[in-house]
Amino acid sequence: MPKDPPEIRLKDLTRGKQPRFFDVQGVDELLSITMGLAQELWAVKERLAAVEALGQAEISAAAVEAYEFSDEERAALDRERRQFIERIYFVLRESETPNAG
């Protein structure tokens, strides 16, 4: 019976110089950002499908469009948005080189 693979932590993956697959500067970073966005989008699509399945009769597209968040909900979403941006653009921060001089 095969063993489960060992747990891999993000820190383990980001040690040292990252491999480059394209010679043109920025292409690897752009591809990484695109893949991050694709992962995030798919997670949202799955959650939306679950919400729609749970509330087929009670939840309409018009009700979703008309919904207004409370101040607390808006603050929580703003925090989540900042975290989302940090996750997606992590690769750009990691690839920055300090200015010489």
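Read-outs: derived from the displayed coordinates by stated rules, not from any lab. On a predicted model such as this, the values are computed, not experimentally measured, just so you know. As a convention, Cβ positions derive from the backbone with ideal geometry for all residues, glycine included, and neighbour counts pool all protein chains shown.
Could you sort the peptides 27-38, 76-87 by per-residue average Cβ neighbour count (10 Å cutoff), highest mean leading?
Peptide ranking by packing, descending: 27-38, 76-87.
Residue by residue through segment 67-73, what is 3J(HN,Hα) from phi via Karplus (6.51 cos²θ - 1.76 cosθ + 1.60, θ = phi - 60°)? Round to whole Hz and write x for glycine and proline.
Per-residue couplings from phi come out as 5, 10, 6, 6, 4, 5, 5 Hz.
In terms of the Cα gyration tensor, with a ≥ b ≥ c the square roots of its eigenvalues, is segment 31-94 rounded because a/c is under 1.5, prolate because a/b exceeds b/c, or oblate?
Taking the square roots of the gyration eigenvalues as a ≥ b ≥ c, segment 31-94 is oblate.
Starting from the Cα-Cα distance between I85 and F69, subtract it from 0.36 nm times their residue separation and give me the gain in nm to one decimal.
Full extension of this stretch gives 3.7 nm more.
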